[in-house]
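A short write-up of the structure that comes next.
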Amino acid sequence: MPWEQRAAQVSDEQPLGCRPSRHSKRLPLRHGFGWTSGALLALALGLAERTVAHQLLIVLAAFIAIGLDLAVAFLVRRGLCQGVAVAVITMLALAAVAGFVAARSAALAQQAAELVSQAPKYLQQLNDTAPYWAGSTTSPTWWTSSTPKPLAVPR
C-alpha cells in the first residue's frame, strides 16, 4: 500500500492508522517468526539441559506432578475447592518427606557416631598401608621398583 493511502487512514480516533485485516500479507511472516522463535528457544533449553541428571530430575518431577494432580482431582471431585485440595495434598506430601527423613535420621546418626569412634583406627590403617601418602618422605618400595613381583601360586 503506498504511503499516501496509509496516511489517509490516520485520524483523530486512530492516530496510528487502521488495523491491518486478518488476512494481511504481514501475518504469515509474524506467525513464522513466532514459531521459529519458539522452536529456537525450545532447542536452546533442550541443549542447556542435556545432562542425564537433569533429564532424570525432570522425568521424576513430571511423575510426581502427575501423581499429585490425580490426588488433587480426586479431592476436587469430592467437593473441595481446588486451592484447598492443592494445600491438603502439598501438606501430605511434605509430611511424607519429613517422615522419611525422620525415619532415616536415626540410622544416619548411628552410622556417623560409629564413623567418628572408628576414625583413629581407620587413620592408623591408612598410615600402616600407605606411608608415602600419610606424610612420609620415603616412597614405598612398590612405588619405585621397576620390576613387578611374581605372584605366589598356592600349591
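Only the coordinates and a few stated rules stand behind these numbers; no lab work does. Here the structure is a predicted model, which means the values were calculated and not measured. With ideal geometry, Cβ positions are generated from the backbone for all residues, glycine too; neighbour counts draw on all protein chains shown.
What shape does region 42-131 take by its C-alpha gyration tensor, where a ≥ b ≥ c are the square roots of the eigenvalues and a/c under 1.5 counts as rounded, a/b above b/c as prolate, and the rest as oblate? Here region 42-131 falls in the oblate category. Remark: spin-label model distance Gln118-Ala106 equals 2.1 nm, labels positioned 7 Å along the Cα→Cβ axis.
Shape call for region 77-121 from the C-alpha gyration tensor, a ≥ b ≥ c root eigenvalues: rounded (a/c under 1.5), prolate (a/b greater than b/c) or oblate? Prolate, since a/c reaches 1.5 and a/b exceeds b/c.
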